Amino acid sequence: MPAPFTKDLCGYRAHGKPNTSDSTSKQSVDLGIALFDALGVSRDAKGEDETGLPLAKRVLGDLNARLHTAGSSRLVGEDRAPAEFEQYHHVGAFDQLSIEPSREYIKAWAQLTRGVRRQMPPSAIDGFNSLAESVECAVADEVAARRSVLNGVAQESLLHLDVTVSNNLVPGYPELDIGLSLKWSLRTDRAQDCRTQGAKLAALRRGRMPHFAAVTIEPRPYMLNLLCGGSGDIDCVYHLHLQALNQAIDLVLRPKTDRKSRRTVDTFDRLIDQRRLRDYDELVTYALTLT
């Protein structure tokens, strides 16, 4: 079963080409049109240029509604930093360390020195000032040492997760069950961002690895293969409407006998056979098992 909101997000841009497609690629346009026809999208349906945020809102709302209906206590969130979750809350911890003394320390030190100077006899002021200067020099040395250490620490960063499913089964930070990267369509850089994100989530976790996957409506098998073919960086790719994409492949590519078309079809079939490419409904089914 595909994502029930898929058709609502599809349409044709001002240049007359599908909003899933690379307008410079004939195969992308042909597959996009065939995909839309399979979905029942009218040829005069208007497609917005902004697709990322509407997709995130729909996936968020759909997962939240289905989990709520099933009585799940899981929390569905949008645009969350991995550091907000139990497995990754240590990431970026160095960024929270202050190099300079806090405002509270500076204020308390000033109050202390003023109070002492007011109460001590004039003959003792010089000695106290010397001691206070020694303390301030020591603090300055510690600040310099912290700056040297922290400036030399390699900083790790993780992209925000577009949609998350988490639990509060243990005290403290919520535990991340599912992290999703949403890509309405794909470019080479978008695919690499997602794979890099998955590799970092695996390498930097403390605790179990969450289920990390991408959600897309990209019609080109070549681009889908860039994202998930033979890679362990992400668990799989969920397609918003795999059945309609299969119909588009059957119409546009399977009848062709040239080597490039046959290779593209073989890539698509392999992604499905290896379960690297799955239907959106399998994501929902997995999320419901967490109840």
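A 29 angstrom limit on the alpha carbon distance is what I want to check against. Which of LYS57/LYS200; LYS17/LYS260; LYS200/LYS256; LYS26/LYS200; LYS17/LYS183 exceed it? Before the final figure, lay out each step's value.
Values: LYS57/LYS200 25 Å; LYS17/LYS260 23 Å; LYS200/LYS256 40 Å; LYS26/LYS200 35 Å; LYS17/LYS183 18 Å.
Over 29 Å Cα-Cα: LYS200/LYS256; LYS26/LYS200.
Going by alpha carbons, how many degrees (0 to 90, nearest 10) lie between the helix axis of 26-39 and the longest principal axis of the chain?
80 degrees
Would you calculate a helix-derived [θ] at 222 nm for the chain, using -39,500 (n - 2.57) for each DSSP H run of n ≥ 4 and dividing by the full residue count, to the nearest 500? All intermediate terms of the calculation are to be shown ahead of the outcome.
On the way: 10 runs with 144 residues, N = 291.
Taking each H run of at least 4 residues, the total per residue is -16000 deg cm²/dmol.
Would you look at the GNM of the chain, springs on alpha carbons closer than 10 Å, and say which of LYS46, LYS17, LYS107 moves the most?
Judging by the Gaussian network model, the answer is LYS107.
Apply the a/c threshold of 1.5 to the C-alpha gyration tensor of the stretch 41-119 and tell me whether it is rounded, prolate or oblate.
Values: a/c = 4.26, a/b = 2.76, b/c = 1.55.
The shape class here is prolate.
With a cut-off of 8 Å between alpha carbons and a minimum separation of six or more residues, what is the relative contact order of the chain in percent? Don't jump to the answer; show the numbers that get you there.
Values: 419 pairs, mean separation 70.8, N = 291.
Answer for the chain is 24 percent.
Cβ neighbours within 10 Å, averaged per peptide: list 244-250, 207-213 in order, most packed at the top.
Details: 244-250: 20.3, 207-213: 17.3.
The most tightly packed comes first, giving 244-250, 207-213.
Rounded, prolate or oblate for the stretch 96-151? Axes are the square roots of the Cα gyration tensor eigenvalues, ordered a ≥ b ≥ c, and the cut-off for rounded is a/c under 1.5. Spell out each step's value before the answer.
Numbers: a/c = 7.48, a/b = 2.11, b/c = 3.55.
Oblate shape, in that a/c is at least 1.5 and b/c is the bigger or equal ratio.
Hey, what D do you get for the chain in µm²/s if you plug the Kirkwood alpha-carbon radius into Stokes-Einstein at 20 °C and 1.002 mPa s?
Details: Rh = 22.6 Å.
Once the numbers are plugged in, D ends up at 95 µm²/s.
Taking a quarter of the surface of the convex hull around the Cα atoms of the stretch 148-267, what do you get in nm²? It would help to have the intermediate numbers written out before the result.
Details: hull surface 40.6 nm².
Averaging across all directions leaves 10.1 nm² for the Cα convex hull.
Taking the Cα atoms only, what angle lies between the long axis of helix 242-252 and the longest principal axis of the chain, rounded to 10 degrees?
The answer is roughly 50 degrees.
A short reminder: the numbers here are calculations on the coordinates, not readings from a lab. All values derive from a computational prediction rather than experimental measurement. FYI the Cβ positions are ideal-geometry reconstructions off the backbone, even for glycines, and counts take in every protein chain you see.
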